[in-house]
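> Just dropping this structure here.
The values are calculated or read from the model by the stated rules, or taken from the named source; none is laboratory data. It should be emphasised that the depicted structure is a prediction, and the values quoted were computed from it without experimental measurement. Reconstructed Cβ throughout: ideal geometry from the backbone, glycine too, with neighbour counts over all protein chains shown. Note: areas computed on protein heavy atoms with side chains; ligands, DNA, RNA excluded. Shrake-Rupley method; radii C 1.70, N 1.55, O 1.52, S 1.80 Å.
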Amino acid sequence: MMGRLLSRGMLVGVFAALLAFVFARVFGEPQVNLAIAYEAAQAALANEPPEPELISRGVQAGWGLLTATVLYGAAYGGVFAIVFSCVYGRFSRLCARPLALWLAVICCVVAVIVPGLKYPPNPPAVGDPETIGVRTAAYFIMLGLSFCSAMIGVVIARHFTPRLGGWNANVLGVLLYGVLVAGLSAMLPDISEVPADFPAQVLWRFRESALGMQLVLWAALGLGYGVLAERVLEPARA
């Protein structure tokens, strides 16, 4: 049973990644091209020689982006299937479809939206190469803190469910999660390396497309996996 659920999770993850790839190609890549053009113009003004292109732009925006997105989707689909298997019938009485959708919403908030609010994605030409290690470490620390805060919220909600009821206990867990991530994120350093003359519209559109890509992936994963899991776990309902 676990193998069947895991394989379906990875399959849906690949499908969701293909949808996210199409979204990124249509909405994200034009902003990347604009950012690269800005970087090239700044280098020309400074009389700096162009950097050697190890991988062509066409490969980056085509097969490179597709490969990375598919691997990302398959990995998250497998992890999502494992989490779903642990929650289904043990921590939740929801049926397969609504449970998968709710889990996708929670995972998107915890793993994407909350870390992205503290350290949003930036296009090329934004950021100092010498600080990439610090920025990467800070982002993953924020990601880990978000997960830990979510687990604490779940434990507290389950602990107070018999006393407060399911709805009140869940609201308490969500509020506790919000307080924890707000306090912990305030302790992490702020990183702002956007050049003063960088086009604000390009930056905003790039971040919109990056968030939209994640929303497409997690929405497709939650909806698609619920259908396949229902056929395995609840054949009569399916």
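> At 1.4 Å probe size, put S56, S149 in order of accessible surface, largest to smallest. Could the numbers behind the result be given before it?
Details: S56 50, S149 5 Å².
Sorted by accessible area, descending: S56, S149.
> Summarise the long-distance tail of P(r) for segment 143-238 by giving the % of C-alpha pairs beyond 18 Å. All intermediate terms of the calculation are to be shown ahead of the outcome.
Values: 3247 of 4560 pairs.
For segment 143-238, the share of Cα pairs beyond 18 Å comes to 71 percent.
> Can you give me the pair-distance distribution of the chain, C-alpha pairs, 5 Å bins, whole percents?
Distribution as computed: 1, 6, 11, 14, 16, 16, 13, 9, 6, 4, 2, 1, 0, 0 percent.
> Taking all pairs of different Cα atoms in segment 4-93, averaging 1/r and flipping that mean, what Kirkwood radius in angstroms comes out? Present the calculation step by step, with values, prior to reporting the outcome.
Working: mean 1/r = 0.0638 Å⁻¹.
Taking every pair of different Cα atoms in segment 4-93, averaging 1/r and inverting gives 15.7 Å.
> Compare the peptides 185-193, 151-159 by average per-residue count of other Cβ atoms within 10 angstrom and give them in order, highest first. Intermediate results must be reported in sequence, preceding the final value.
Working: 185-193: 11.4, 151-159: 15.8.
Going by the mean number of other Cβ atoms within 10 Å, highest first, we get 151-159, 185-193.
> Given an 8 Å cut-off on Cα distances and at least 6 residues of separation, report the relative contact order of the chain as a percent.
Across the chain, relative contact order equals 38 percent.
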